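What follows is one structure encoded as structure tokens, with my remarks underneath.
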Amino acid sequence: MHVLVAYASRHGATQGIAERIAQVLETGGVTAQALPAASVKSVAAYDAFVVGSAAYMFHWEKAAVAFVRRNRAVLAEKPVWLFSSGPLGSEAVDAQGRDQRLAAIPKEASEMLVAVNAREHRVFFGAYERDRKPIGIAERFVSIMPAAREAMPEGDFRDWPEIEAWAAGIAAALTEAPAG
């Protein structure tokens, strides 16, 4: 079983999640490779897929969306799991009482789930370091507006045990012998 963990990461937090997923899959008896979605030329050699993206302003990164759309026919015939990283902070619920994970589901999630018959879409908390160069307009705004900084707290909020447990579940699903 050869699994591709394809990802689109803006500052490296999603890349870190993808690499950890690939490591856990390997530990679980599955051959796995984590690659930037934009660099994948062919998906023919893979038996299953985990595709993830950073989510900004309620959207997946363009490279991840393009990867899924470009390869939807192949992915739809194989096991696929999707993940997003993005919410920041240590609280599951925001100040308005909204579940941070539900609020962070990218607008493309439903399309991606249906397009590839994905088994699941999971949202993981992300990481943000202010000293990294801001890329998008929203990040530039946050970097200069003190009040807006509360919306993007600095720190690494990735829950590694949660990510590892999810990846171990994927490995188990891929290595289970079919009932019969």
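For this structure, a couple of remarks:
- Amide H contacts under 5 Å for GLU108: TRP60, restricted to partners 5 or more places along the chain or on a different chain, H placed in the peptide plane at 1.01 Å from N.
- Set of aspartates and glutamates near LYS41 by C-alpha distance (under 20 Å), chain-local residues within fewer than 8 positions excluded: GLU19, GLU61, GLU77
- Between GLU91 and VAL43, the FRET efficiency estimated from the beta carbon spacing at R0 = 25 angstrom works out to 0.10.
- Other residues lying with their Cβ under 12 Å from the Cβ of ARG122 contribute a combined charge of -1, Lys and Arg counting +1, Asp and Glu -1.
- Cα Rg over Rh - the chain, Kirkwood: 0.98
- Cβ charges +1 (Lys, Arg) and -1 (Asp, Glu), total dipole of region 60-127, debye: 300 debye
Read the figures in this text as sums done on the coordinates, not as results from a lab. Keep in mind that this is a model prediction, so the values were computed, not measured. Note that we place each Cβ from the backbone using ideal geometry, even for glycine, and neighbour counts take in every protein chain shown.
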